[in-house]
Amino acid sequence: MKNGTAQQLVISGVGGQGVLFLTRLLAEAAMDKGLAVFTSETHGMAQRGGTVISHLKVGDFTSPMIRPGCADGLLVLKEENLDLHAGYGRAGAWAVVNSRHPVPSRQGDCPLEVATVDAFGLAREVASPRSSNLVVLGRAITICRDMFCGPDDIVRVLERRLAGDEQRLHKAVTAFRAGMKAQQ
Amino acid sequence: MKPSRLLLLGNEAIARGLVEAGCAVATAYPGTPSSEILPAVARFRADEKLGGHVQWAVNEKVAFEIAYAASISGLRAAVSMKQVGLNVASDPLMSAAYMGAKGGFLVISADDPGPHSSQTEQDSRLMAMMAKIPVLDPASPLQAKQMVAAGFRLSEEFSIPVLLRPTTRVCHSRQDIELSVPAPCELNPDYRKDPLRWAATPKFRFKLHGELEDKLARIAGWEATRPVQLNRARGGSLAVVASGVAAAHAAEIFKALGLWENLPLYQVLQPYPLHTDFCRKILESCESVLVLEETTGVIEMQLASRGQVRGKLSGDVPSVGEILPEDIEQIVAGFAGVKVAARRIQQAPGRRPTLCAGCPHRAAFFAIKKAAPKGVYPSDIGCYTLGLNLGAVDTVLCMGAAVSQAAGFHHALKNRAKQPPIVATIGDSTFFHSGIAPLVDSVVQKVPFVLVILDNSTTAMTGNQPTAASGWGVNGESLARVDLAAVVKGCGVGFCRQADPYAIKEFAALLKEALAYCRDHGPAVVISKRPCLLDLRRRGGNWEPKQVVVTEACDGCGFCVTQFECPALVLAEGDKQVVLDTMVCTGCGVCVEVCPKKALEVVG
Ligand code: SF4
Ligand code: SF4
């Protein structure tokens, strides 16, 4: 794997799951570390169609978009999207999938290491059903050792973004930590 | 202390550029992918405590003319819109090109290759070519911001309007961007009468046209917008020329394919007019040049040596749709003679887009189908275009066409033995934008049709901007309200009534009344009055949800799913009854009236 400072991540889900929030969270964590960032988002009519994908590129890039076969990792907030977007992963990329059941890793010419986390279940357990996106992120940050940022960086951004809303912040951080502790 | 580096959306970067460059007047009409520019101008300006004027205008033509008058008065001004909005503003654009600018004047027209959220994939750079004004084509949010400053300088140096043409991928990507301290914003106008120029007669227009050609020739040599070579590769027999986001993709792809060191890659910053010496040199020194640009071959056209140039005209680059980085990878590899595996992501099948749960338009459409089941249904541009799914929208052409097309269909179909009733639909914002003139026309011609104005008190599709009837502006400031019904009556319409579409039966009865009226008297208007639910809840408005349940009486006929299509009502394959998704349901209670079996009930 490349050193942790040039990274391309795909975040995939459906409308209302907080794909954009997660993307901005990671982008700001990168900025805090002085790294250059690009993101690419779905807006407008396209957003009403269901599938939402965003691209996050950290480091020395010029294009906001990730080419198929180039992503280092995928955060998949809805299990069905794994099939749709697995093609973005490079050989040996990781994917963290929101699923209650184990999902097999992919072999073939583009192998993908898949980890799962029951994000809906865990988010509900910590009384924060809308934070399933952060559960997935918590899991990803634990299994991906080369991530450009660590758990503390994420918490710091959350604290800044949700400043003044103690309750929401607490729920968000709890959901994130629940994802970090999850084992499947 | 504010951070000096921010993660900015492309549109926010453009807005920041405007504020930093001392733009005194900014106007716009919302349209994806351009809508976020104006609110961000208002925000940055408030943060920096700057004066000036920022406003949503009733349409793009009006927005253009307001900003242009500021330029004539010596102030820096900008107008922003989406590409089809530029069609609406094309009348003043063509003329302003001749008369020129005094204060820097930027026309920002956001293109939508794909198209993701538009009726066409038209290339605004062609409009610049037709108007004979320069156009700048940014590759990233940061470059878009820089081009705002360059554009103002270009505009002032040559006294000419300048077009800035970002695309969806620039508007809707984010980048970390360094903020600068805004230049002092010149608010002191320098208005001088000069009717020979600003009110030129045809004879002087001829002279102005000559001056314009001369300006263009000089702009084609302007240093600051000259094409740049992105890499250091020494010239061989091949070169690649790219503009906009295609240049950004190409740079990464060159590195990935190992071409960075040996194939020259140029970025064109100003696709029109293309720099004369650049054209000459590249055609002299290369045997073959590949051009990558969206959406039309504007640069390619100007590299006038068909045998040497590969692009859209030669069939090497697709002329339809956006060119994704994976497409560029294939095209560049083929051009350079290197091998690369073809990789493509299948487009997500996804749900077809539908109106939101609880959307008042859905109720109105259902009532229209009830009142005029065999009707002809011209409609218009907005969320309600999705009435297509309900079978209550037959045609969608462009802003305001619902009204004129209703008249046209009447004249075309009136000799049929049985004339179909005509019920047209248009949103409130679209009505103010382009619906008034055709309504006046149909009154004069006594066209028998019913116009339903779907008044949800907002411009919903593009993110809930205010309308002329809202009474507030882009800064949240309080403004005058225009009374929609008074406008309709002022157009000469004799029947104008308002009702709540949630009460489907009463609403359908009113439509029937209107249909009866229009047969003898000409157009009747029904205002369907109900705020956009999304907007209402976002603003913390008063909303008391009803709790709806599916009772035993449901036999799974699916009528509510196929004819009403509320996303909260789901009838999966093999299910005996519909299931109400409580996460999606907004509690509007309208479906209760829709179910023919009375199987949906409000409880509590
Ligand atoms: S709720 Fe009514 S309309 Fe819908 S499937 Fe059941 S019976 Fe049919
Ligand atoms: S009450 Fe009925 S129509 Fe309204 S949102 Fe819920 S399911 Fe849809």
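Oblate is the label for the protein assembly as shown, because a/c, from the alpha-carbon gyration tensor with a ≥ b ≥ c as root eigenvalues, is 1.5 or above and a/b does not exceed b/c. For the range A:106-157 and the range B:183-218, what is the separation of their C-alpha centers, rounded to whole Å? Value for the Cα centre distance between the two parts: 59 Å. Within a straight-line Cα-Cα reach of under 24 Å, residue B:418 can be paired with the following lysines, leaving aside sequence neighbours fewer than 8 residues apart in one chain: B:369, B:370, B:374, B:446, B:512. In a reduced charge model with +1 at each Lys and Arg Cβ and -1 at each Asp and Glu Cβ, chain B shows a dipole moment near 820 debye about its Cα centre.
What relative contact order, as a whole-number percentage, does the range B:82-175 give when Cα pairs under 8 Å and 6 or more residues apart are counted? Each step should come with its number before you reach the end.
On the way: 161 pairs, mean separation 36.7, N = 94.
Computed value for the range B:82-175: 39 percent relative contact order.
Legend: residues in the range A:55-98 shielded by at least 40 square angstrom of accessible surface upon adding the remaining protein chains to the isolated chain (1.4 Å probe, heavy atoms) are A:62, A:63, A:64, A:65, A:67, A:68, A:84. Using Cα atoms only, what is the angle between the long axis of helix B:360-371 and the major principal axis of chain B, expressed in degrees (0 to 90) to the nearest 10? Computed tilt is about 50 degrees. Diffusion of the range A:7-181 by Stokes-Einstein, at 10 °C in a medium of 1.306 mPa s and with Rh set to the Kirkwood radius over alpha-carbon pairs, works out to 99 µm²/s.
Starting from the alpha-carbon convex hull of the range B:1-156, give the projected area averaged over all orientations, in nm².
Values: hull surface 34.3 nm².
If I average the Cα hull's projected area over directions, I get 8.6 nm².
Using the Cα gyration tensor of the range B:547-603, with a ≥ b ≥ c the square roots of its eigenvalues, what is the shape: rounded (a/c below 1.5), prolate (a/b larger than b/c) or oblate (neither)?
Working: a/c = 1.40, a/b = 1.19, b/c = 1.18.
Because its axes are fairly even, with a/c under 1.5, the range B:547-603 counts as rounded.
Relative contact order for chain B: what percent, with Cα pairs under 8 Å and sequence separation of 6 or more? Mind dumping the intermediate values first?
On the way: 1287 pairs, mean separation 64.2, N = 604.
Worked out over chain B, it gives 11 percent.
Roughly speaking, to the nearest percent, how much of chain B's 1.4 Å accessible area is carbon and sulfur? Please report the intermediate quantities before stating the final value.
On the way: 13580 of 24730 Å².
Looking at chain B in its full context, I get 55 percent from C and S.
Hey, which lysines would be in cross-link range of residue B:49, C-alpha to C-alpha under 24 Å, not counting anything within fewer than 8 residues on its own chain? The reachable lysines, counting only those whose Cα sits under 24 Å from residue B:49, are B:2, B:145.
Solvent-accessible surface (1.4 Å probe) assigned to residue B:9 amounts to roughly 10 Å². In the protein assembly as shown, the DSSP beta bridges split such that about 35 percent are antiparallel, to the nearest 5.
Once C-alpha pairs closer than 8 Å and six or more residues apart are averaged by separation and normalised to the residue number of the range B:433-564, the relative contact order reads 32 percent. Accessible area per residue (1.4 Å probe, heavy atoms of protein chains only) ranks A:94, B:198 as B:198, A:94, with the largest value leading. Among rounded, prolate and oblate, which fits the range A:48-118 when a ≥ b ≥ c are the square roots of the eigenvalues of its C-alpha gyration tensor, a/c under 1.5 means rounded, and a/b larger than b/c means prolate? Because a/c hits 1.5 or more and a/b fails to exceed b/c, the range A:48-118 counts as oblate.
As a test of the definition: which semi-axes, in Å, follow for chain B when you take the square root of five times each eigenvalue of its alpha carbon gyration tensor? Largest first, please. Can you show the working numbers first?
On the way: eigenvalues 429, 182, 114 Å².
Each semi-axis is √(5λ); the values are 46, 30, 24 Å.
Taken over the range B:225-336, the percentage of Cα pairs per 5 Å bin, counting from 0 up to the bin with the maximum distance, is 2, 13, 27, 28, 21, 8, 1. Ranked by the mean number of other Cβ atoms within 10 Å of their residues, highest first, the peptides B:528-541, B:138-151 fall in the order B:138-151, B:528-541. Run lengths n ≥ 4 of DSSP H only: what is the helix-derived mean residue ellipticity at 222 nm for the protein assembly as shown, with -39500 (n - 2.57) per run over all residues, to the nearest 500? Result for the protein assembly as shown: -10500 deg cm²/dmol, rounded to the nearest 500. Accessible surface for the range B:225-336, divided over its residues, is 36 Å² per residue with a 1.4 Å probe.
What fraction of the DSSP beta bridges in chain B is antiparallel, stated in percent and rounded to the nearest 5? Please list the in-between numbers first.
On the way: 16 of 66 bridges.
If we restrict to bridges inside chain B, about 25 percent are antiparallel.
Relative to the dominant Cα principal axis of chain B, helix B:60-72 is inclined by about 40°. For residue B:61, the lysines whose Cα comes closer than 18 Å to its Cα, not counting residues fewer than 8 places off in the same chain, are B:82. Here the protein assembly as shown is assigned +1 on the Cβ of each Lys and Arg and -1 on the Cβ of each Asp and Glu. Its dipole about the Cα centre then comes out at about 780 debye.
Taking the Cα centre of the range B:225-336 as reference, the dipole from Cβ charges on Lys and Arg (+1) and Asp and Glu (-1) amounts to some 440 debye. Interface area, chains B and A: about 3300 Å² of buried accessible surface, summed, with a 1.4 Å probe and ligands, DNA and RNA left out.
Other protein chain C-beta atoms within 10 Å of residue C-beta, averaged over B:247-256: 4.
The values are calculated or read from the model by the stated rules, or taken from the named source; none is laboratory data. Just so it is clear, the structure is predicted and the values come from calculations on it, not from any experiment. Here Cβ is always computed from backbone atoms with ideal geometry, including for glycine, and neighbour counts include all displayed protein chains. What goes into the accessible areas is simple: the full protein's heavy atoms, side chains included, and nothing from ligands, DNA or RNA. Shrake-Rupley method; radii C 1.70, N 1.55, O 1.52, S 1.80 Å.
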